[in-house]
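Colleague: Shown below is the structure under consideration.
The values are calculated or read from the model by the stated rules, or taken from the named source; none is laboratory data. Note that this is a predicted model, so its numbers are computed, not measured. Using ideal geometry, Cβ is built from the backbone for each residue, glycine included, and neighbour counts are taken over all protein chains shown.
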């Protein structure tokens, strides 16, 4: 187990441990939210292109902020499954970095509008969690991106039918599970669009979302995520 080094950090850690039993969601040391060590580790990682292997048809050009290591696994899972809402801003920073790199790589001009479209979660999962984690991160990321681009969020996609839990499914099973699983249920964005998600594994969700939007004539620039599984990071 690692412990924060400075006196102030040690005091905050001890207070969190003794008063609330708080632990860093990334590494488990006594802390509130994300400890300084985990912040420093993630701060060294630059967003880059990612592509699943095998790659599903229609997978959009995608930038991820980092490999999906134990630190990000802990943060994403705590935010999504344990409603650690104090992590929304931190994860949104990572997502905003990915979107910014994608737009820069594609020569999307500064001050040109862009719309973030979150990959939809299952309605039953949202009810169980009490909120839509991906939408929360997307909206927070949009506020950060507005400093350079007029950014909005459109929740125009929804799941059209119940799909199986993706956990434990291989690439082919995930693709079959999501085929025809999304629909449009809100006014379509008329501006350049970026799909966003917290994690890309096999790429099936992003591919299906891109397919639905492209068939409706929505200009999809690509996708951005907080993390990508290690075998995809390139």
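Colleague: With (1) surrounded by fewer than 22 Cβ atoms within 10 Å (Cβ to Cβ); (2) over 21 Å from residue 37 (Cβ atoms); (3) touching a helix residue (DSSP H, G or I) at 6+ places or on another chain (Cβ under 6 Å) as the list, and residue 63 as the residue in question, which single condition is left unmet?
Modeller: All conditions are met except number (1).
Quick grid of which residues meet (1) out of contact with any helix residue (DSSP H, G or I) (no Cβ under 8 Å at 6 or more places or on another chain); (2) at pLDDT below 95; (3) assigned to a strand (DSSP E or B); (4) farther than 11 Å from residue 225 by Cβ:
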| position | (1), (2), (3), (4) |
| --- | --- |
| 53 | no, yes, no, yes |
| 57 | no, yes, no, yes |
| 71 | no, no, no, yes |
| 75 | no, no, no, yes |
| 88 | no, no, no, yes |
| 92 | no, no, no, yes |
| 102 | yes, no, no, no |
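Colleague: So if I check each of 113, 120, which one is in contact with a strand residue (DSSP E or B) (Cβ under 9 Å, 6 or more places away or on another chain) and surrounded by 17 or more Cβ atoms within 10 Å (Cβ to Cβ)?
Modeller: 120
Colleague: Another question about this same structure. Quick check on my filter: what residues within the range 19-46 are free of Cβ contacts under 8 Å to residues at least 60 places away in the same chain, crowded, with 22+ Cβ neighbours inside 10 Å and within 30 Å of residue 207 (Cβ to Cβ)?
Modeller: Of everything in the range 19-46, just one residue is free of Cβ contacts under 8 Å to residues at least 60 places away in the same chain, crowded, with 22+ Cβ neighbours inside 10 Å and within 30 Å of residue 207 (Cβ to Cβ), namely 26.
Colleague: Right, here's the next one. Can you name the condition, by its number, that residue 181 falls short on among (1) within 17 Å of residue 122 (Cα to Cα); (2) in contact with a strand residue (DSSP E or B) (Cβ under 7 Å, 6 or more places away or on another chain); (3) modelled with pLDDT of 90 or more?
Modeller: (3)
Colleague: How many residues, within the range 129-145, are modelled with pLDDT under 95 and either outside the structural domain of residue 90 (by TED's automatic domain parsing) or farther than 15 Å from residue 85 by Cα (or both)?
Modeller: Matching residues across the range 129-145 total 0.
Colleague: State whether one or more residues within the range 148-163 are part of a helix (DSSP H, G or I), buried (at least 18 other Cβ atoms within 10 Å of the Cβ) and modelled with pLDDT of 95 or more.
Modeller: no
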